[in-house]
Each structure stands twice: as structure tokens, then as C-alpha cells.
Amino acid sequence: MRRVSIPLLLTALIAVAPVGAIAADALVPGTSPPPRPHVHRTTHASQPPVVPGTSPLPTSLVPGSPPPTPSSTLGVPLGAGVTVRLSPDNNIISAVQQAVLRVGLGPVEVLKFTPDCSPLQGRVVVCRDIALQQTGDRAATTVGYGTCVVSLDPRVGGAAVGVNIVTRALRKCIAA
């Protein structure tokens, strides 16, 4: 294990954190700031995914960081259930079901449409996000600790292109 002095570590933390991102209790030895979810964006153009909130410091250098446990792993395990918050009459449902089979996730629960895209512990949530139309993104995947939310542009449908978009977005949900 490599030892790092506290002043050096605090300087590194402050240098990589956005303004206002470090709370006062995060600077107390033995504590760490709450985790921030990772967001991946999938666009119709060939752009690399955007991953805000990442740090070049490994968590092993942060004082008081617990070792990784299943509950503190980003994403969901293979076989995790999928909750779809879209209209059951929509063609995108078949695209989601095909993508779930390709990726290796579990049972699909289709609910009626709701604009609620809040995460559920241990499940993948698939929903529509009209804001993706303005950004030009087709899908956005937000991966949290034991959660994953896949937001889809309302224009994504059930054809082969839609299946591919949903498959790429769902693959980002699988815990490494």
C-alpha cells in the first residue's frame, strides 16, 4: 500500500473536484464524499461517451474509503430485472425486450408511461426523456451504485436501429 500525505491528498482532491463539490465533512480524515453517479451518453454521431464526475485518484487513496462490496458496485449484476416506464402499446417495448436478451438482464416489467426516471435499487429503469431531443442524443445511461437508468429519446423506435441503441445503452448498466 502506498502512503500519501494528507496535505498532498487534499490538494489533489481539491484540484480535480468541481467548485463546490467537496463538502466540509469530506475534508475530515476518515470520511469520504457521497458517490456521484456516472452518466454515459449515446449519440447518433460517433462521439466518445461523456463520463462526468470521474477522478484520476483511485479510491484506495481516499482516506476512510471502504473496500468495494456488492452494494457499492457501479451498475447492476447480470440477470437484474428491468422496469420499463413506457406505454405498453409502443413498439419500443419489443426493442427493449430484444436488447435485454442480448445483454443478459432479467425479467422485463412494463408499466404505463410516466415521465419519472428515478432509479430503483437492484433494477434497470428504462424511460423516455424529451430533453434528449434538444441535445441530439438517442440514449443516456446513468449508472449508480446498484442502479441504472436508461433514458431514451422519444424518437427511438422498435426497428433494428432502436434495438441497437437500447442494447448499447443497457450494456453500460452491467457491473464490472
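Quick note: the coordinates plus some simple rules give every number you see, no bench work behind them. Everything numeric here is computed off the predicted structure, so don't read it as measured data. Here Cβ is always computed from backbone atoms with ideal geometry, including for glycine, and neighbour counts include all displayed protein chains.
Applying the Karplus parametrisation 6.51 cos²θ - 1.76 cosθ + 1.60 with θ = phi - 60° to the phi angles of region 115-122, what ³J(HN,Hα) value in whole Hz is obtained for each residue in order, glycine and proline being reported as x?
With coefficients 6.51, -1.76 and 1.60, one gets x, 6, 10, 6, x, 10, 4, x Hz.
Work out from phi, with θ = phi - 60° and the Karplus expression 6.51 cos²θ - 1.76 cosθ + 1.60, the ³J(HN,Hα) of each residue of region 154-159, listed in order in whole Hz, and give x for Gly and Pro.
x, 7, 6, x, x, 6
Using θ = phi - 60° and the Karplus form 6.51 cos²θ - 1.76 cosθ + 1.60, what ³J(HN,Hα) does each residue of region 95-101 get, whole Hz, x for Gly and Pro?
Once θ is set to phi - 60°, the couplings for region 95-101 become 5, 5, 4, 5, 5, 4, 5 Hz.
Hey, fewest Cβ within 10 Å first, where do LYS172, LYS112 land in order?
LYS112, LYS172
What percent do you get for the relative contact order of region 64-176 when only Cα pairs under 8 Å and 6+ apart count?
Result for region 64-176 is 34 percent.
Under 5 Å between amide H atoms, partner at least 5 residues away or on a different chain: which partners does VAL126 have, H built in plane at 1.01 Å?
Result for VAL126 returns THR83, VAL84, ARG85, VAL150.
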